[in-house]
Amino acid sequence: MRARLRNRIAALAAAVVALPIALSSVPAAADTTGVTVTYVETSRWETGYGGQLTIGNGSDAPLSDWSIEIGLPSGAAITSLWNATLSRSGDTYTITPPSWGAAVPAGGSYSIGFNGTHGGGDTAPVDCALNGNPCSGEPGGEDTEPPAAPGGLTVTGTTSTTASLEWTAASDDVGIAGYEVLSGGEVVRAVTGTTATVTGLAPETGYTFTVRAYDTSNNRGPESAPVTATTGAGDGGEPTDPPGDRRVAYFTQWGVYDRGYLVNDLVTSGTAEKLTHINYAFGNINAGGECFMANQPGQGDAWADYGRSFGAADSVDGVADTWSQDLRGNFNQLRELKEMYPHLKVNISLGGWTWSEHFSDAALTAESRERMVSSCIDQYLRGNLPLFDGAGGAGSAYGVFDGIDLDWEWPGSAGHEHNTVRPEDKENFTALVAEFRDQLDALEGETGREYELTAFLPADPEKIELGFEMPSLMSDFDFITVQGYDYHGGWEDVANHQSNLGEHPADPGPDVYSTETTVQAYLDRGVDPADMVLGVPFYGRGWTGVEPGPNGDGLFQSATGPAPGSYEAGIDDWKVLKELQGYELHRDDALGTAWLYDGSTFWTYDDEVSMTQKTDWAQARGLGGVMIWSVDGDDAEGSLMTAIDTALDD
């Protein structure tokens, strides 16, 4: 494993920069008097940036259809966009409503986020027209008069890493669109109201802040008189791993919907206190090879991540979210969870089965690797989230995540059908991991915090050989989690085990898998067993139309198809399967497996007994702990997690 000295130099997280739109005269078209389009740059990294356009409808009628045309300065380009549809002709970008429509109500607003590339200079649009009219919303000439300076800037509170500010509203001849908080000449927070909380600060450090207003024509006014805020003392340092084996759980972004599994359920079930790590699944990579945030089906869920407001009953700290928070949703709940359990580390997991599509392109060259890594660090570790529904902004998520978990499924071999796969993925993955480690080390020196780098790796020995240069990768990883499940499932026509520890002599194949075979494949490639964390499933896989067979238990018998599931065919959570009626429970203690069979439907799954067997097996072989996919499959009492925890403590 890697060994390196840790520098403890606290620094302010990288700041977002807000810039004005330069308006040009355009021919008059459909009347948009009172409707404005304003721009703010929400984040910036080495070669990329995030931006947001906001349509503000100050008229007395809804805007049911709209079209924004903008041009960008030399060196700037839009690479991906959400909440709208993007087209480009020459140097002109046209932005129109998404397929599901996006009417802007009278008195309301609508925001469009995007990522882009820059050449080191300005990114503010040089032209802007809304339905053929100036984006200032003025029927006459362009408004060039800036707002007055806000007054009464005061510090209303501080913590060890935040400063809260308040001021009186500025005046303008047309209308105020928003405010920018500055420190050291850089914008560190952009808001629409007259309060702001700046996050990502160093403990026991003084900061000077000013605030300025910008109007609906994107004119920036003068800065207010400065104020100084001094942050409080820290809590004695960053959390470290408690003694003992690692206990890693994946928390799924989408689990808050149909499953209704919230971060607070980790507390009420007693699970959080038993964990060392949470991997938040997943972050997405766009076609430009960068981490990005979207609120669009299939692309991302910013609302679940940091837009949703939780009431007091559902919140980890028992306090309801407020509209003025710069961080809400799962991210804020995870931050509160870490305050309750300081030993707990939370890593953002990038990719997954569906979102590994662009990994091969992102890892292809030194330039593309640098661009991907810097964008992911900026968004998740520096916490510079795009503005969304009043949340996000510079440093808004700083401190939520303690590292990066890479889940590229799979370099050099088949995964999801839309993936790009190249033979050189294997060495490119090694180079990508090295780039992550280099940039994480640099961030450690800047912030004084430690950042982890982990990865989820496959069970199939063929995929290991095609995609992973072991053990050279391990010098850059803190640890790896190894797939110990999905050996078989409803995509096959024979009922089989999905997480067996050893091979069964009667396994009909044609592909015969076992945890023992997988772990040995990594050991043969020089991986230290203590650096491997065994993955276990909190769900089962099932078939229907299964004949009893010679033993009457359905094992290794042909099936007519996947069994019906609560969320999709062929799969269901353990908490659902344990309540099934009319099934007989079968076990193979030597393989650490359990299955249910009712004469027709067959479910391979793990209960408390088989979970204990798997944990004992991992400990006996010196593995570094247990990983769970995914924690929302457990019951309200955290029964499976308790079985793992008890076995690890034995």
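A Cβ distance below 9 Å, combined with a sequence gap of six or more or placement on separate chains, defines the contacts here; from the stretch 212-228, residues that are open to solvent by 50 Å² or more (accessible area, probe 1.4 Å) reach residues that are assigned to a loop (DSSP other than H, G, I, E, B) in the pairs Pro222/Pro146; Pro222/Pro147; Pro222/Ala148; Pro222/Ala149; Glu223/Ala149; Glu223/Pro150; Ala225/Ala149. Of the numbered conditions (1) under 14 Å from the mean Cα position of the chain (by Cα); (2) modelled with pLDDT of 95 or more, Gly399 satisfies every one except a single condition; which is it? Of everything listed in (1) under 14 Å from the mean Cα position of the chain (by Cα); (2) modelled with pLDDT of 95 or more, Gly399 misses just condition (2).
Can you give me the number of residues within the stretch 445-470 that are in a helix (DSSP H, G or I), modelled with pLDDT under 95 and not hydroxyl-bearing (Ser, Thr, Tyr)?
Step one: list which residues in the stretch 445-470 are in a helix (DSSP H, G or I), which gives 445-447, 461-467.
If we keep only those that are modelled with pLDDT under 95 too, we end up with 445-447.
Narrowing further to those that are not hydroxyl-bearing (Ser, Thr, Tyr): 445-446.
Number of matching residues: 2.
Considering (1) touching a residue at least 40 places away in the same chain (Cβ under 8 Å); (2) not in a helix (DSSP H, G or I), the lone condition that Val319 does not fulfil carries the number (1). Taking the stretch 537-557 as the range and being surrounded by 14 or more Cβ atoms within 10 Å (Cβ to Cβ) and either polar (S, T, N, Q) or part of a strand (DSSP E or B) (or both) as the test, the residues that pass are Pro537, Tyr539, Gly540, Arg541, Gly542, Trp543, Thr544, Gln557. Within the stretch 296-318, the set of residues being under 21 Å from Leu381 (Cβ atoms), open to solvent by 10 Å² or more (accessible area, probe 1.4 Å) and in contact with a helix residue (DSSP H, G or I) (Cβ under 8 Å, 6 or more places away or on another chain) comprises just one member, Asp301.
Just one of (1) outside any loop (DSSP other than H, G, I, E, B); (2) farther than 23 Å from Asp589 by Cβ fails for Leu534. It is (2).
Of the listed requirements (1) in a loop (DSSP other than H, G, I, E, B); (2) farther than 22 Å from Asn286 by Cβ, Glu46 misses just one: (2).
To keep it simple, each residue is scored yes or no on (1) more than 24 Å from Glu166 (Cβ to Cβ); (2) basic (Lys, Arg).
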site: Asp317; (1), (2): no, no
site: Val346; (1), (2): yes, no
site: Ser356; (1), (2): yes, no
site: Leu364; (1), (2): yes, no
site: Arg382; (1), (2): yes, yes
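Of the residues Ala202, Ala287, Ala249, Ala196, which single one is surrounded by 15 or more Cβ atoms within 10 Å (Cβ to Cβ), closer than 30 Å to Leu81 by Cα and either under 21 Å from the mean Cα position of the chain (by Cα) or touching a residue at least 40 places away in the same chain (Cβ under 8 Å) (or both)? Being surrounded by 15 or more Cβ atoms within 10 Å (Cβ to Cβ), closer than 30 Å to Leu81 by Cα and either under 21 Å from the mean Cα position of the chain (by Cα) or touching a residue at least 40 places away in the same chain (Cβ under 8 Å) (or both) holds for just one of Ala202, Ala287, Ala249, Ala196, which is Ala196.
Here Glu452 fulfils each of the conditions (1) surrounded by 19 or more Cβ atoms within 10 Å (Cβ to Cβ); (2) within 17 Å of Lys345 (Cβ to Cβ) apart from (1). Among the residues of the stretch 28-43 satisfying the criterion of being in a loop (DSSP other than H, G, I, E, B) and at pLDDT 75 or above, which is surrounded by the most Cβ atoms within 10 Å (Cβ to Cβ)? So the residue we want is Thr32.
Could you say which residue among Arg587, Arg621 is under 16 Å from Ser499 (Cα atoms), at pLDDT 95 or above and not hydrophobic (A, V, I, L, M, F, W, C)? Don't jump to the end; show me each part of the working.
On the way: Arg621 fails: under 16 Å from Ser499 (Cα atoms).
Residue meeting the stated conditions: Arg587.
Exactly one of these conditions fails for Gln333: (1) modelled with pLDDT under 95; (2) open to solvent by less than 10 Å² (accessible area, probe 1.4 Å). Give me its number. Failing condition for Gln333: (1). Considering the stretch 326-354, the residues that are of a type in the set (S, T, N, Q) and assigned to a helix (DSSP H, G or I) include one that is nearest to Lys274 (Cα to Cα), namely Gln333.
Among the residues of the stretch 510-525, is any assigned to a loop (DSSP other than H, G, I, E, B) and more than 18 Å from Glu462 (Cα to Cα)? Looking through the stretch 510-525, none of the residues is assigned to a loop (DSSP other than H, G, I, E, B) and more than 18 Å from Glu462 (Cα to Cα).
Of the residues making up the stretch 299-322, those that are within 30 Å of Ser356 (Cβ to Cβ) and among the polar types (S, T, N, Q) number 1. Just to be sure before I move on: is Leu501 at pLDDT 95 or above, closer than 22 Å to Arg246 by Cα and not in a helix (DSSP H, G or I) in the structure I sent? Yes. In the stretch 543-555 there is no residue that is modelled with pLDDT of 95 or more, touching a helix residue (DSSP H, G or I) at 6+ places or on another chain (Cβ under 9 Å) and not aromatic (Phe, Trp, Tyr). Pairs needed: first member in the stretch 293-307, within 16 Å of Leu350 (Cα to Cα); second member anywhere, part of a strand (DSSP E or B) and aliphatic (A, V, I, L, M); C-beta distance under 7 Å; at least 6 residues apart or different chains. Final answer for the pair search is Met293/Leu385.
Scanning the stretch 538-557 for residues that are out of contact with any Asp or Glu (no Cβ under 8 Å at 6 or more places or on another chain) and among the polar types (S, T, N, Q), we see that the one that is farthest from Tyr597 (Cα to Cα) is Asn551.
The values are calculated or read from the model by the stated rules, or taken from the named source; none is laboratory data. Because the structure is predicted, anything quoted here is derived from the model rather than measured. Glycine also receives a Cβ, built like all others from the backbone with ideal geometry; neighbour counts cover every protein chain displayed. Ligands, DNA and RNA are excluded from the accessible area calculation, which covers all protein heavy atoms including side chains. Shrake-Rupley method; radii C 1.70, N 1.55, O 1.52, S 1.80 Å.
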